[in-house]
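Have a look at the structure below, then the notes.
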Amino acid sequence: GIQVEQSPPDLILQEGANSTLRCNFSDSVNNLQWFHQNPWGQLINLFYIPSGTKQNGRLSATTVATERYSLLYISSSQTTDSGVYFCAVERRSGGYNKLIFGAGTRLAVHP
Amino acid sequence: DTEVTQTPKHLVMGMTNKKSLKCEQHMGHRAMYWYKQKAKKPPELMFVYSYEKLSINESVPSRFSPECPNSSLLNLHLHALQPEDSALYLCASSPQGGGANVLTFGAGSRLTVL
């Protein structure tokens with residue numbers, strides 16, 4: 001099956017710092033999403049980004065589908081950005097689309 | 001209403017108990033999902049319902065029994081679970097019946113099996 005690899009696995013930042021999270025995938029995908037899971041377990045969809053670049057406030061994402069990777073940029077990080085960031089790719093299986101998650105990047109932002 | 005609501009938030013059960021997890025959405029979404037997430041691991045797909053019919057079962061043991069009574073509700077019936085089934089159970093929904101695209105997740109039900 002498809003492999004989804006995220007790096008780094010863990011990241012510690014001082015508040016105000018910038019960071020880049022990476023997601024590599026081993027095969028072509030229909031789509032790609034980035035999620036943030038807060039410390040209480042809630043998963044929030046950040047971006048739905050099959051290709052190109054999108055921005056939402058301090059966050060932006062870029063997917064280069066032909067090279068099978070996506071990047072999530074966090075600028076001016078805040079303590080509320082702490083949690084786990086998951087990349088998930090969409091693949092078709094048995095006539096239905098499935099979302100396959102990477103292992104995640106665990107981010108801790110300290111004041 | 002742009003939420004997926006899951007109840008209960010926490011559940012503790014013995015191995016001989018029968019319990020149910022419930023999920024509700026009122027966004028008119030046509031696909032609903034159950035995911036299982038163990039500590040420090042990514043969510044793993046269990047079931048997908050599309051237009052109220054079970055379309056994907058990821059070889060989940062029969063002690064987990066999903067049910068979709070209508071387009072807004074999704075249940076997960078639990079019976080004779082094992083301690084290793086303790087996990088966060090996440091429900092999600094998405095607009096299209098074919099599954100995936102933009103998923104909206106609930107806050108999860110944290111299950112402990114004693």
From the list A:7, A:77, exactly one residue is more than 23 Å from residue B:4 (Cα to Cα), touching a residue at least 12 places away in the same chain (Cβ under 8 Å) and under 15 Å from the mean Cα position of the chain (by Cα). Which is it?
A:7
Restricting attention to the range B:1-17, does a residue exist that is of a type in the set (Lys, Arg), surrounded by fewer than 16 Cβ atoms within 10 Å (Cβ to Cβ) and more than 11 Å from chain A (Cβ to nearest Cβ)?
no
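Which members of the range A:1-56 meet the condition of being in a strand (DSSP E or B) and either among the charged types (D, E, K, R) or touching a Gly at 6+ places or on another chain (Cβ under 7 Å) (or both)?
We begin by selecting, within the range A:1-56, every residue in a strand (DSSP E or B); these are A:4-7, A:10-14, A:19-25, A:31-37, A:43-48, A:52-56.
Of everything in the range A:1-56, those that are in a strand (DSSP E or B) and either among the charged types (D, E, K, R) or touching a Gly at 6+ places or on another chain (Cβ under 7 Å) (or both) turn out to be A:4, A:5, A:6, A:10, A:22, A:23, A:36, A:37, A:54.
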Subset of the range B:20-46 that is free of Cβ contacts under 8 Å to residues at least 60 places away in the same chain and of a type in the set (Lys, Arg) - its residue that is nearest to residue A:106 (Cα to Cα):
B:40
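Taking the stated definitions as given, is residue A:73 more than 18 Å from residue B:42 (Cβ to Cβ), part of a strand (DSSP E or B) and touching a strand residue (DSSP E or B) at 6+ places or on another chain (Cβ under 6 Å)? So that I can check it myself, show each step before the final result.
Working: more than 18 Å from residue B:42 (Cβ to Cβ): yes; part of a strand (DSSP E or B): yes; touching a strand residue (DSSP E or B) at 6+ places or on another chain (Cβ under 6 Å): yes.
The answer is yes for residue A:73.
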Residue list for the range A:94-111, restricted to those being crowded, with 20+ Cβ neighbours inside 10 Å and of a type in the set (D, E, K, R)
A:98
Qualifying positions in the range A:94-111 - within 7 Å of chain B (Cβ to nearest Cβ) and either in contact (Cβ under 8 Å) with a residue 24 or more places away in the chain or farther than 23 Å from residue B:101 by Cβ (or both):
A:97, A:99, A:101, A:102, A:103, A:104
Please state which of the following conditions residue B:35 fails to meet, knowing it meets all the rest: (1) out of contact with any Asp or Glu (no Cβ under 8 Å at 6 or more places or on another chain); (2) surrounded by 16 or more Cβ atoms within 10 Å (Cβ to Cβ).
(1)
Within the range A:36-93, the residues that are loosely packed, with under 13 Cβ neighbours inside 10 Å and within 10 Å of another protein chain (Cβ to nearest Cβ) are A:40, A:44
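What strands (runs of 3 or more DSSP E), lying completely within the range B:47-111, carry at least 2 residues that are touching a residue at least 24 places away in the same chain (Cβ under 8 Å) and within 11 Å of chain A (Cβ to nearest Cβ)? Spell out how you get there, then give the answer.
On the way: elements: B:53-57, B:64-70, B:73-79, B:87-94.
Here the list reads B:53-57, B:87-94.
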Can you find, within the range A:9-24, the residue that is surrounded by the fewest Cβ atoms within 10 Å (Cβ to Cβ) among those that are under 19 Å from residue A:47 (Cα atoms) and of a type outside the set (Lys, Arg)?
A:18
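So which residues in the range A:11-35 are within 11 Å of chain B (Cβ to nearest Cβ) and under 23 Å from residue B:107 (Cα atoms), if there are any at all? Steps first, please.
Going through the range A:11-35, the residues within 11 Å of chain B (Cβ to nearest Cβ) turn out to be A:29-33, A:35.
A:32, A:33, A:35 - these are the residues of the range A:11-35 that are within 11 Å of chain B (Cβ to nearest Cβ) and under 23 Å from residue B:107 (Cα atoms).
Every number here is computed from the coordinates shown, using simple stated rules; none is lab data. These figures come from a predicted structure and were not determined experimentally. As a convention, Cβ positions derive from the backbone with ideal geometry for all residues, glycine included, and neighbour counts pool all protein chains shown.
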